[in-house]
Amino acid sequence: MTMSNQQPAALITGGTTGIGHATARVLHAEGFGVLVTGRNPDTLAEARRSLPDEVAVLRADLRSTADAKQVADEIQQRFGKLDLAFLNAGLVRLTPLETLDEAVWDELFDVNVKGQLFTLKAILPLLGPGSSVVFNSSTVGRRGVPGQLVYGATKGAVYSLIRTLAVELAPRGIRVNAVSPGPVETPAQTKLGQDMPAGRLETFKQQINGWIPMARPGTDEEIARAVVFLASPAASFITGANIDVDGGLAAQIGSRASA
Ligand SMILES: NC(=O)c1ccc[n+]([C@@H]2O[C@H](COP(=O)([O-])OP(=O)(O)OC[C@H]3O[C@@H](n4cnc5c(N)ncnc54)[C@H](OP(=O)(O)O)[C@@H]3O)[C@@H](O)[C@H]2O)c1
């Protein structure tokens, strides 16, 4: 189905669950045409059930440049253009240096950095003047958390990407920014628990939540609202910037971290 060219259009990578799913709901309510991607058949099916019918749900593995081309083709066909790309899909693994193996390094960098960048390359022709790109980074990209060595490095890489991309794409009228969530209850946290001894996840979450000055985790909708702001005319002079949406976690000094 082709949408009216007046309607703003958004792509969300990894929009089948968690923060991406919440952002799809919020953008749809704000009047955007939305296409979300994911790769797991179960979460894709659940997203088709739980998201509004008008939201397109597409299977696309971020690690595949062929899939990225399909995403671009689908957006071209449905919307004819793109106003917002929320590059959100991501994986988290607990990987202390002693047990780090190359497969984990490759997997995290392939999805969290390379996949996002090559997806952006594929959809770039669809982004016109006034459009906006938002990467999903993390507080962990700038703060040390034991065990989140590689994950933190991938999220730190995003800070570098947004600055160079902001400068490169400014002449085309495209703004590039990031949001950095603090802890948010999503399936990613459950997946993180797979790398921990039984029962450790709850203690880990309590410990991290205890570091947050606002004394609570964020909600997926609070992250979505920051994305909507960055995509809006209210943010028309903001590019190359990061917004921490973390209850003050990155701002503070003095937490004793151990995991
Ligand atoms: N939750 C937090 O506390 C937190 C904090 C800071 C930053 N973040 C960041 O927020 C982003 C979203 O995470 P979340 O917490 O919402 O977790 P989530 O619910 O696990 O969402 C991750 C999304 O990424 C998708 N994805 C993963 N690998 C993919 C691949 N190879 N190709 C396509 N899609 C893929 C997943 O789809 P499938 O189900 O199909 O795999 C899912 O839709 C991530 O970048 C994460 O690093 C989260």
Query raised in the report: Does Ala122 count as open to solvent by 10 Å² or more (accessible area, probe 1.4 Å), within 14 Å of the ligand (Cβ to nearest atom), touching a strand residue (DSSP E or B) at 6+ places or on another chain (Cβ under 8 Å) and modelled with pLDDT of 95 or more?
Result: no
Query raised in the report: Can you name the number of the only condition in (1) modelled with pLDDT under 95; (2) farther than 16 Å from Leu149 by Cβ that Leu100 fails?
Result: (2)
Requested in this report: Scan segment 177-200 and give yes if some residue there is within 18 Å of Leu87 (Cα to Cα) and away from the ligand (no atom under 14 Å from the Cβ), otherwise no.
Outcome: yes
Report summary line: Picking from Ala215, Ala198, the residue that is modelled with pLDDT under 85 and surrounded by fewer than 16 Cβ atoms within 10 Å (Cβ to Cβ) would be Ala198
Query raised in the report: Inside segment 39-75, can you point out the residues that are in a helix (DSSP H, G or I), open to solvent by less than 20 Å² (accessible area, probe 1.4 Å) and more than 12 Å from the ligand (Cβ to nearest atom)?
Result: Ala72, Ile75
**Report entry** Filtered residues of segment 10-38 (kept if of a type in the set (A, V, I, L, M) and either near the ligand (Cβ under 8 Å from one of its atoms) or surrounded by fewer than 24 Cβ atoms within 10 Å (Cβ to Cβ) (or both))
**Finding:** Ile19, Ala22, Val26, Ala29, Leu35, Val36
Query raised in the report: Taking segment 125-147 as the region of interest, how many residues are touching a residue at least 60 places away in the same chain (Cβ under 8 Å) and within 12 Å of the ligand (Cβ to nearest atom)?
Result: 7
**Report entry** Residues that are under 20 Å from the mean Cα position of the chain (by Cα) and aromatic (Phe, Trp, Tyr), drawn from segment 43-89
**Finding:** Phe86
Query raised in the report: In segment 154-170, what residues are touching a residue at least 24 places away in the same chain (Cβ under 8 Å) and open to solvent by 40 Å² or more (accessible area, probe 1.4 Å)?
Result: Arg163, Val167, Ala170
Requested in this report: Assess whether Val145 counts as being farther than 25 Å from Gln207 by Cβ, open to solvent by 20 Å² or more (accessible area, probe 1.4 Å) and of a type in the set (Val, Ile, Thr).
Outcome: no
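Could you list all residues from segment 127-159 that are among the polar types (S, T, N, Q) and either more than 19 Å from Thr23 (Cβ to Cβ) or part of a strand (DSSP E or B) (or both)? Outline the logic, then answer.
Of all residues in segment 127-159, those among the polar types (S, T, N, Q) come to 131-132, 136-139, 148, 154.
Once the filter is applied, which keeps residues that are among the polar types (S, T, N, Q) and either more than 19 Å from Thr23 (Cβ to Cβ) or part of a strand (DSSP E or B) (or both), segment 127-159 yields Ser131, Ser132, Asn136, Gln148, Thr154.
Taking into account only those residues within segment 172-195 that are of a type in the set (D, E, K, R) and open to solvent by 30 Å² or more (accessible area, probe 1.4 Å), which is modelled with the highest pLDDT?
Of everything passing the filter in segment 172-195, Arg172 is modelled with the highest pLDDT.
The values are calculated or read from the model by the stated rules, or taken from the named source; none is laboratory data. In this text, all values refer to a predicted model and were calculated from it rather than measured experimentally. Reconstructed Cβ throughout: ideal geometry from the backbone, glycine too, with neighbour counts over all protein chains shown. Accessible surface is based on the protein model in full, side chains and every heavy atom, while ligands, DNA and RNA are left aside. Shrake-Rupley method; radii C 1.70, N 1.55, O 1.52, S 1.80 Å.
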